[in-house]
Amino acid sequence: MSKQTATPEKGEYEKMAEKALDTGEVKDLIPEFVKWEPKQKLIGRYSHSAMLEGKREGSDEPQEYNMYFFDTDKGMVKFHLGAYNDGEIGAQLVAGQIYMIEFVGKVEIAGGNRVNKFKCMHIYPRVAPVQG
């Protein structure tokens, strides 16, 4: 005897999800992690940051740093700039504003320590053209 299993009918939520996926009306809530390479640029709208704790590079010493979340043309991304840059760049970021961040590379600072170096530009909203 063969056993037939009935295909369960799709529920309301499953149907909604399928339709949203088909039409592209979804947003992935898990950001893609950005691993910086020299000359790499990221342009997007700053969402928020979260304080994390890790180890200093080349040391067992604990260090706090920020993880930044940006909405970009390719979706939501997350990255860190390094504790050194949190005070310079991170302290100036405003949620909802658009920025271009470029990784320059690592530079040596006092005491032989190396830190990440970035360029960060605030992209101001366009203003209405002046009537002349």
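Any read-out appearing in this document is the output of simple, stated calculations on the displayed coordinates, not a laboratory observation. Computed from a predicted model, the values in this text were never measured in an experiment. Virtual Cβ from ideal backbone geometry, glycine too; neighbours counted across all protein chains shown.
Using only side-chain charges placed at the Cβ, +1 for Lys and Arg and -1 for Asp and Glu, the dipole size of segment 29-123 relative to its Cα centre rounds to 320 debye. Kirkwood radius for segment 29-123, taken over all pairs of different Cα atoms as the inverse mean of 1/r, rounds to 13.9 Å. Taking 19 Å as the straight-line reach from the Cα of Lys55, the aspartates and glutamates in range (excluding those fewer than 8 positions away in the same chain) are Glu64, Asp86, Glu108.
Taking 0.36 nm per residue of separation and subtracting the Cα-Cα distance, what length does fully extending Glu61 through Ile123 add?
Between Glu61 and Ile123, full extension yields 18.7 nm more.
Structure shown: which of Lys19/Lys74; Lys15/Lys35; Lys10/Lys35; Lys15/Lys39; Lys27/Lys119 lie over 32 Å apart, alpha-carbon to alpha-carbon? Distance filter (> 32 Å) returns Lys15/Lys35; Lys10/Lys35; Lys15/Lys39. Phi-derived couplings, Karplus 6.51 cos²θ - 1.76 cosθ + 1.60 at θ = phi - 60°, listed residue by residue for segment 42-53: 9, 10, x, 9, 5, 9, 5, 9, 9, 7, 10, 10 Hz, with x used for Gly and Pro. Rounded to the nearest whole Hz, the Karplus-based 3J(HN,Hα) values (6.51 cos²θ - 1.76 cosθ + 1.60, θ = phi - 60°) of segment 23-34 follow the sequence 8, x, 8, 9, 9, 6, 8, 9, x, 7, 7, 9, with x at glycine and proline. For His80, nonlocal amide neighbours, meaning residues 5 or more places apart or on other chains whose placed amide H falls under 5 Å from its own, are Tyr68. Here the label points at Lys78 and Val26, each 7 Å from Cα along the C-beta direction, are separated by 2.0 nm in the simple model.
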